[in-house]
Amino acid sequence: MCFSPEASFTASAILAATSALSIYKIISNPGSHAKYWALVVVPIGFAIQQFSEGLIWLSLRHQFNPNLQAGLISTFIFFAFIFWPAYIPTALAYFETNKTKKLILQACAAVGISTALILLTSTIYFGITAQISSCHILYTLNLGNFNSPWSYLLSITYLLATVGALLASNIKSLRILGLLTGLGYAISYVFYNYYLISIWCFFAALISILIYLVIARDLRK
């Protein structure tokens, strides 16, 4: 599988369109629960993230201004490293009604926020670079040995905060999203290990399109 700026821009456009449709559905149902607004943030965020990666592709191919390129990489990494592990479990915990699952999701949120803070600090301190390699974008966070226990620990806590939170939800459709996202991670890890950050985010972005179906089904008139 070969990726390109066109793939990122296309994914971004589809996500933007489904986000707009989701927002229309929510606005058309004034009494709808706040959870739908929390859910629609996900495809909106992925739309921005994929659009930024499309621009990163162009910046690497055409040697944009280094400061502009750094800003684009920071935008992508903000969502990948900081926003998703903190936002997903926190949002799910906020509107969870089952007391036991709410406690589990609050624990996932604590893990996610901690992971996001560690990744934020590491990114600021060590820096992160991006380069085109074998039709993919390779993001490199200078944490030393990629296979170090520290990297594995961060991967585990990240998965607990994102995939784990979705699987712990009391909402069946979100558990299905969790399964698909986990499958996307497994495929990315096995077949695209060196490009895991870029490829998994792309798969997760496409999976988040299904959130429109969740909202449309629940708010069907």
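Would you check which residues across region 205-221 are closer than 28 Å to ILE137 by Cα and touching a Phe, Trp or Tyr at 6+ places or on another chain (Cβ under 7 Å) and list them?
Listed by number, the residues that qualify are ALA205, SER208.
Is it the case that CYS135 is in contact (Cβ under 8 Å) with a residue 60 or more places away in the chain and on the phi < 0 side of the Ramachandran plot?
No.
In the list SER19, SER12, which residue meets the criterion of being small (Gly, Ala, Ser), touching a Pro at 6+ places or on another chain (Cβ under 9 Å) and either under 30 Å from HIS62 (Cβ atoms) or surrounded by fewer than 21 Cβ atoms within 10 Å (Cβ to Cβ) (or both)?
The match here is SER19.
Okay, residues lined up against (1) touching a residue at least 12 places away in the same chain (Cβ under 8 Å); (2) closer than 30 Å to ASN170 by Cβ:
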residue	(1), (2)
ALA70	no, no
LYS101	yes, yes
ALA107	no, yes
THR115	yes, yes
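Of the residues that make up region 117-125, is at least one surrounded by fewer than 19 Cβ atoms within 10 Å (Cβ to Cβ), among the small types (Gly, Ala, Ser), over 14 Å from the mean Cα position of the chain (by Cα) and more than 21 Å from ILE44 (Cβ to Cβ)?
Yes, some residue in region 117-125 is surrounded by fewer than 19 Cβ atoms within 10 Å (Cβ to Cβ), among the small types (Gly, Ala, Ser), over 14 Å from the mean Cα position of the chain (by Cα) and more than 21 Å from ILE44 (Cβ to Cβ).
In region 72-82, which residues are surrounded by 18 or more Cβ atoms within 10 Å (Cβ to Cβ) and in contact (Cβ under 8 Å) with a residue 24 or more places away in the chain?
Scanning region 72-82 gives ILE73, PHE76, ILE77, PHE79, ALA80, PHE81, ILE82.
Against the conditions (1) modelled with pLDDT of 90 or more; (2) not in a helix (DSSP H, G or I), where does ARG220 fall short? Just the number, please.
ARG220 satisfies every listed condition except (1).
Specify which of the listed residues (LEU92, LEU60, LEU21) is part of a helix (DSSP H, G or I), among the aliphatic types (A, V, I, L, M) and in contact with a Lys or Arg (Cβ under 9 Å, 6 or more places away or on another chain).
Sole residue among the options that is part of a helix (DSSP H, G or I), among the aliphatic types (A, V, I, L, M) and in contact with a Lys or Arg (Cβ under 9 Å, 6 or more places away or on another chain): LEU92.
The values are calculated or read from the model by the stated rules, or taken from the named source; none is laboratory data. Note that the coordinates shown come from a computational prediction; the quantities given were computed from them, not determined experimentally. Counting neighbours? That spans all protein chains shown, and the Cβs are built from the backbone with ideal geometry, glycine included.
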